[in-house]
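Since the structure comes first, as structure tokens, the remarks are kept for the end.
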Amino acid sequence: MKPVVIIDTFPNSREAYLILNDSIDSFKSMGYDVMLVSHMYIEQTTAKKCKYVIYDDNNKFLSRKHCPCFITYSQTFILRWHMVDMLFLYVGI
């Protein structure tokens, strides 16, 4: 089984979609499967690039107390990772 990169996204602009698609292509080129998680509609062309796509219309947020979050910014991406039993990495675009 390949490692999976989980991308938690809310692509609400054209620029966000460009960054999201570039990120998916980059992770796939490194040999990772990609799981996309979102609370909004994902374009079919983007969804078809991913091994897994999860859509959830329940946009409920966990408090930091229950899900500590660490964020790193650059001009081209936002990396947000959550410590949940040290097992999950979420990359947010």
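The values are calculated or read from the model by the stated rules, or taken from the named source; none is laboratory data. What you see is a predicted model; the values in this text were computed from it and never measured. Positions of Cβ are generated from backbone atoms using ideal geometry, with glycine treated the same way; all protein chains shown enter the neighbour counts.
Looking only at the range 7-31, which residues are out of contact with any helix residue (DSSP H, G or I) (no Cβ under 9 Å at 6 or more places or on another chain) and surrounded by 15 or more Cβ atoms within 10 Å (Cβ to Cβ)? Of everything in the range 7-31, those that are out of contact with any helix residue (DSSP H, G or I) (no Cβ under 9 Å at 6 or more places or on another chain) and surrounded by 15 or more Cβ atoms within 10 Å (Cβ to Cβ) turn out to be Asp8, Ile19, Ser23, Phe27, Lys28. Is there a residue in the range 7-20 that is in contact with a Phe, Trp or Tyr (Cβ under 6 Å, 6 or more places away or on another chain) and either of a type in the set (A, V, I, L, M, F, W, C) or part of a loop (DSSP other than H, G, I, E, B) (or both)? Among the residues of the range 7-20, at least one is in contact with a Phe, Trp or Tyr (Cβ under 6 Å, 6 or more places away or on another chain) and either of a type in the set (A, V, I, L, M, F, W, C) or part of a loop (DSSP other than H, G, I, E, B) (or both), which makes the answer yes. Selection of the range 21-40 for residues being of a type in the set (A, V, I, L, M), within 16 Å of Asp57 (Cα to Cα) and part of a strand (DSSP E or B) yields Leu36, Val37.
Of all residue pairs spaced 6 or more apart or on separate chains, those with beta-carbon atoms under 7 Å, a first member in the range 1-23 that is more than 16 Å from Asp33 (Cβ to Cβ) and a second member that is of a type in the set (Phe, Trp, Tyr) are Pro11/Tyr17; Ile19/Phe77. Applying the set (1) at pLDDT 90 or above; (2) of a type outside the set (Ser, Thr, Tyr); (3) touching a strand residue (DSSP E or B) at 6+ places or on another chain (Cβ under 9 Å) to Asp56 leaves exactly one unmet item: (1).
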